[in-house]
Amino acid sequence: MEGGFIIQKEKEININQSDVNQNNKKITTKEKLQSLGPAAIVAACIVGPGTVTTVSVAGATYGFQVMWILVIACFTAYYFQRPVVKFTIQTKMAAMDGIRSYMGKGWSIPLYIALLLGAIAFQAGNFTGAALALNFFLPSIPILAWVSFLAVGALIISWIGIYKLLENINRVFIGLMVLAFVLTVFVSGPSIADVFTTGFSFQIPESNYWLVLALIATTLPPNTALGLSAFIKRKYEKDTVTPTWKKMKLSHFDLRVNLFITAAISISILICAGSVIFGTGAVIEGAADMAYQLTPLLGQYAGVLFALGLWAAGFSSGLFNISVQPALFGQAFGTSEKVNALPNRIMMLLAAIAPILIVYLFGQTPIQLIMAAQAINGLLLPAIVGSIWILCNKRKFLGEYANTLSQNIIYTVVMVIVCFLAIRVFLDIFGII
């Protein structure tokens with residue numbers, strides 16, 4: 001069955017080879033704007049409460065000194081995700097489809113289960129972060145009530161299953177985060193000269209090399225590359241008119257724009273923390289602390305903006321982890337990817353209800369659960385990078401779009417980085433660092 005599927009894909013790829021010679025044609029601005037979507041969903045996932053917290057703490061502790069690390073982190077995220085674009089567009093399969101077809105269900109199913117467990121563990125953090133932001137506006141409402149409201153709201157959006165709705169909602173969230181965090185920077189009034197001279201001094205504060213990896217890790221959630229591939233497949237699955245070369249260019253444009261926005265948001269948070277909190281002795285332990293710290297220093301307006309951005313970050317990350325389940329489950333098991341399929345409904349319910357139960361039972365995500373999720377992610381990143389690397393070197397299926405030598409060198413660098421990330425996670429878990 002799967003062998004016939006692969007043969008059919010080979011035929012489609014041979015037909016599409018003529019598209020490669022068409023890539024010198026122009027793409028309109030309207031087409032570029034319409035292409036923005038799959039990467040926006042992924043970018044909204046990357047900038048979650050974990051990223052906001054990590055960057056806020058780094059800025060409050062070291063000022064602008066780590067800005068250059070954030071730029072490298074976003075470049076790493078770009079090259080981590082870029083290979084799945086060409087694989088998906090050229091083969092019309094998502095990366096998880098390819099893993100199942102070429103490496104077997106014995107690899108794709110455990111990979112999916114690990115991704116699901118990791119997502120569930122971090123879902124409580126996503127919705128708790130968003131709940132703390134809403135608690136800034138209405139502190140009388142319990143955190144559990146906010147978490148329940150947010151989780152159910154994200155489940156309803158995912159349950160409806162209209163891709164265009166999901167795409168548009170995440171565009172709004174990305175826009176909201178840009179508006180909130182960038183405006184907060186203007187309110188904080190940083191010294192532009194200090195931002196550039198200190199931010200790009202290329203020094204590692206206190207020789208803290210683990211900090212470099214921690215900041216890079218915030219841009220590399222393991223499920224983002226597979227999720228991006230799944231959403232690209234869904235966006236273009238009924239499009240039989242747009243040629244392959246154009247889909248490829250539009251998808252790369254989507255990825256570049258949204259990771260540039262991711263960098264802009266992260267850097268804005270860093271500048272805000274570095275210009276307002278750094279040097280004051282104030283302690284930042286969580287993303288919500290930033291909103292409360294900004295209020296007495298810059299006024300209620302700044303606190304409201306930051307809280308609004310944190311809410312968008314938490315809710316959009318939670319929404320991603322629910323909405324991606326039908327595609328990843330169906331692709332890993334070789335079953336239907338439709339949202340209304342019963343197994344897919346169950347996976348979405350797990351991703352939505354589990355965080356409510358965790359917050360109800362523990363008040364927050366237990367440290368043991370966070371450590372387990374970090375361990376899973378530490379193992380998953382090299383496994384996913386390695387799987388994608390194998391897929392993108394299959395010239396028999398990708399033809400002209402198979403990895404070149406330079407692309408393999410770049411992906412080797414990505415693999416080295418994620419292996420160091422895995423080592424960092426396990427050293428942290430065992431208390432060595």
Q. Treating the beta-carbon of each Lys and Arg as +1 and of each Asp and Glu as -1, no other charges, what is the dipole magnitude of the chain about its Cα centre, to the nearest 20 debye?
A. 1500 debye
Q) What is the extension gain from Val172 to Gln34, computed as 0.36 nm multiplied by their sequence separation minus the C-alpha to C-alpha distance, in nm to one decimal? A) 48.3 nm
Q | Amide H contacts under 5 Å for Val324, placed H, 5+ residues apart | A | none
Q. With springs only between Cα atoms under 10 Å, which of Thr412, Thr53, Thr28 fluctuates most in a Gaussian network model of the chain?
A. Thr28
Q. Okay, helix-only estimate at 222 nm for the chain: each DSSP H run of n ≥ 4 adds -39500 (n - 2.57), divide by all residues, round to 500 deg cm²/dmol; what do you get?
A. -26500 deg cm²/dmol
(Q) Looking at the chain as a GNM with Cα springs under 10 Å, which of Ile69, Ile192, Ile267 has the largest mean-square fluctuation? (A) Ile192
Q: Roll a 1.4 Å probe over the protein chains and send me the accessible area per residue for the chain in Å².
A: 41 Å²
Q. Of all accessible surface on the chain at a 1.4 Å probe, what whole percent is carbon and sulfur?
A. 68 percent
Q) Taking the simple approach of a point 7 Å from Cα along Cα-to-Cβ for both Arg395 and Leu379, what is their distance in nm? A) 3.5 nm
Q) Hey, with R₀ at 56 Å, roughly what FRET efficiency would Thr242 and Phe200 work out to, going by the Cβ-Cβ distance, to 0.05? A) 0.90
Q. Where Lys and Arg each count +1 and Asp and Glu each count -1, what net charge lies around Asn208 among other residues with Cβ under 14 Å from its Cβ?
A. -1
**Q.** Qualifying chymotrypsin sites (Phe, Trp or Tyr not before Pro) in the range 402-433, DSSP loop, other Cβ atoms within 10 Å at most 10
**A.** Phe430
**Q.** Estimated inter-spin distance, Ile156 and Glu285, nm [label 7 Å along Cα→Cβ]
**A.** 3.4 nm
Q) Is any helix in the chain, taking whole DSSP H runs, at least 30 angstrom long along its axis by alpha carbon and on average at least 0.5 on the Kyte-Doolittle scale, and which ones? A) 67-91, 105-137, 163-188, 244-276, 300-323, 367-392, 405-429
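The values are calculated or read from the model by the stated rules, or taken from the named source; none is laboratory data. These numbers come from a predicted model, not from an experiment. Here the Cβ is made from the backbone with ideal geometry for all residues, glycine too, and neighbour counts use every protein chain on show. Note: areas computed on protein heavy atoms with side chains; ligands, DNA, RNA excluded. Shrake-Rupley method; radii C 1.70, N 1.55, O 1.52, S 1.80 Å.
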